[in-house]
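Reading through the structure tokens given below for one structure.
Taken together, the values in this text are just the output of simple stated rules run on the coordinates, not laboratory data. Bear in mind that the values here come from a model prediction, so they are computed numbers and not experimental data. Here the Cβ positions follow ideal geometry from the backbone for every residue, glycine too, while neighbour counts run over all protein chains shown.
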Amino acid sequence: MARHAVMTRQVCPLLPIEPRAGANLLVSAEFVWREEGILELSYGFRSRTEAVLNDVLLPSPATNPQRCDELWKNTCLEAFLALPGKNSYWELNISPTGDWNLYSFKSYRSAFQAELGVQPPFVSSQVSPTDFRCDVLLNLRPWLPSVSCPELSLTAVLKHTDTSLSYWAIRHTGKVADFHDRRSFVQP
């Protein structure tokens, strides 16, 4: 008799929508989902030279992180979560500063609103000349009342010193970045 998983862990390389954006930068994301409703995320950037990582704008941690809108206009780490077979899904945005937001959507890019009743995630970041790491701990209860691991898409928007943005995801399904496309979600 098969047992259901009480924990799921997966490490995923994130790929840029434009291959030249990732020539000297490796971006990865890892998630650990626990049956009790805890999601751990870890995002990492590694460059071959200091110059490459210095090209990514990484704001310093905030002394008082808060819920903010439009975090994706700057360097932003994201997770999209959905229950299998449902049209609705959630979008988590995390800034390296620790600022965050969580939105719920009724269906593809529609009827979105801030998800209320969520505890702020715990966010910690470390940076060195060639490496960046951001760890996130999020309690999914009560807004994601499931004992099954959700479908996930882990993504990142990187803002560069020339103000351009690069878009990174586990998989891209078209010629332009669309993190909301459920075809890019993985089913752990």
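Before moving on, here are some points about what is shown:
- Counting 0.36 nm for each residue step from E115 to L26 and taking away their Cα separation leaves a gain of 28.9 nm.
- Residue-averaged 222 nm ellipticity for the chain, from DSSP H runs of 4+ at -39500 (n - 2.57), nearest 500: -500 deg cm²/dmol
- Among the listed options (1) 123; (2) 217; (3) 105, the one matching volume of the Cα convex hull per residue in Å³ as calculated from these coordinates is (1).
- Measuring between their Cα centroids, segment 107-123 and segment 39-84 lie 17 Å from each other.
- Leading residue at positive end of dipole, the chain (Cβ point charges), from N54, L144, T75: L144
- Spacing of the modelled spin labels on S148 and D162, each 7 Å from Cα toward Cβ, amounts to 4.5 nm.
- Amide H contacts of G98: A62, each under 5 Å away and 5 or more positions distant or on a separate chain (H built 1.01 Å from N in the peptide plane; Pro and chain starts excluded).
- Under a model in which nothing but the beta-carbon of Lys, Arg (+1) and Asp, Glu (-1) is charged, the chain shows a dipole of about 480 debye around its Cα centre.
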